[in-house]
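Inspection log for the structure reproduced underneath, given as structure tokens.
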């Protein structure tokens with residue numbers, strides 16, 4: 001089907017937003033959604049068009065305990081005094097894939113914990129596919145591609161950023177390799193900022209890295225550190 | 001739907017800053033989003049799920065999801081309110097499937113809008129009034145659809161029902177339901193654009 005024709009694309013996008021595309025039709029549509037701006041726009045338009053429907057329901061203030069419970073559920077990242085730790089990192093760490101990769105990387109049995117003082121993070125796509133394993137020990141940063149690696153779009157680079165806590169701007173940690181291993185020696189400022197960092201993100205930047213010193217392109221991979 | 005008023009733009013910018021704070025792991029960001037969105041989302045979840053315990057569970061999961069996915073949000077893919085609403089609806093539908101839809105259907109799910117349009121309350125904040133005006137316009141467009149076209153749409157949007165399930169509920173062949181849904185979408189779009 002020719003999705004470039006609005007009269008064909010539009011009803012499909014509407015049905016997709018309603019949850020009515022199923023099976024292979026849905027898979028095909030979702031592939032296009034990721035790669036075709038017109039498809040993504042048609043879906044966004046339908047979501048916005050139908051959004052006032054949701055507001056037909058009169059607002060109801062939930063009981064205070066709901067917010068208390070939400071706070072409790074997001075709390076582990078704070079209360080355990082382990083700034084590198086997050087629920088997402090725990091989920092990644094628990095996965096067999098992570099342990100297997102960790103094991104390969106450290107050339108030790110998969111269940112051996114990381115050496116003390118080493119920070120590890122797995123950078124994954126939004127779908128959870130692992131792309132790079134990042135390790136930091138002292139001033140040494142290593143970026144190891146995982147599996148097939150990831151090749152940036154032509155004329156672009158993947159740039160690694162740490163997200164410092166406390167509202168500070170992202171700090172570049174360098175460009176990621178599309179295969180194999182790359183190393184960086186961090187500045188004392190980078191090492192200091194890493195101590196309070198909340199997570200890592202990878203953005204698509206012009207070849208050679210962001211010209212502004214801050215992310216300019218979309219974030220395509222993310223990860224969190226786990227303490228060794 | 002152009003979001004043109006200054007108040008609305010300020011609100012969107014405020015929500016986007018809060019979303020960025022969530023992405024950095026700052027709880028204060030989530031607290032702002034919760035303050036701005038929870039009553040509207042909870043109202044919707046109560047309509048869909050009809051049980052306070054299930055609606056509270058869905059609301060909690062929605063905000064945990066927002067917290068975990070904050071870094072994935074793209075302003076180019078729609079407003080934060082719409083994004084959060086999509087998350088809430090999907091969570092509610094998951095819970096409905098788990099509960100085997102053991103909940104009665106709300107008039108809203110059945111496309112019976114008159115009681116809702118009649119329940120306007122008194123003075124409200126400007127952006128609430130504006131969003132109610134948008135909802136009212138959409139509701140008027142829905143009223144212009146045939147009964148079955150409207151029901152097909154609301155059963156899907158609020159009930160999470162598949163076309164097969166809607167065919168069962170409305171005792172109609174699947175192909176007919178497909179065309180009702182398509183005509184409902186086209187009619188709605190036409191009405192909103194005029």
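Couple of notes before you dig in:
- If the chain linking residue A:37 and residue A:139 were pulled fully straight, counting 0.36 nm for each residue of separation and taking away their Cα-Cα distance, it would gain 32.6 nm.
- Relative contact order, whole percent, for the stretch A:1-65 stands at 32, derived from Cα pairs under 8 Å and 6 or more residues apart.
- Residue order, fewest to most beta carbons within 10 Å, for A:224, B:135, B:152: B:135, A:224, B:152
- Under 19 Å from the residue A:63 label point (7 Å along Cα→beta-carbon), backbone N, the stretch B:60-100: B:60-64
- Among B:191, B:22, B:141, the ranking by other beta carbons within 10 Å of each residue's beta carbon, starting with the fewest, stands as B:191, B:141, B:22.
- Equivalent ellipsoid of the stretch B:21-63: semi-axes from √(5λ) of the C-alpha gyration tensor, largest first, are 23, 10, 6 Å.
- Label-point separation in nm, residue B:176 to residue A:71, each point 7 Å along Cα→Cβ: 5.5
- For a label point 7 Å along the Cα-to-beta-carbon line of residue B:20, residues of the stretch B:53-84 with backbone N under 20 Å: B:66-84
- Alpha-carbon centroid distance for the pair the stretch A:154-228 / the stretch B:133-170, whole angstrom: 46
- Pairwise label distance in nanometres, residue A:27 with residue B:137, each label 7 Å out on the Cα-Cβ vector: 4.0
- Fewest-first sequence of B:81, B:86, B:62 by Cβ atoms within 10 Å of each Cβ: B:86, B:81, B:62
- All-pairs alpha carbon distance profile, the stretch B:150-194, 10 Å steps from 0, percent: 31, 52, 16, 1
A short reminder: the numbers here are calculations on the coordinates, not readings from a lab. Every value quoted in this text rests on a predicted model; they were computed, and no experiment measured them. Neighbour counts run over all protein chains shown; Cβ positions are idealised from the backbone, glycine included.
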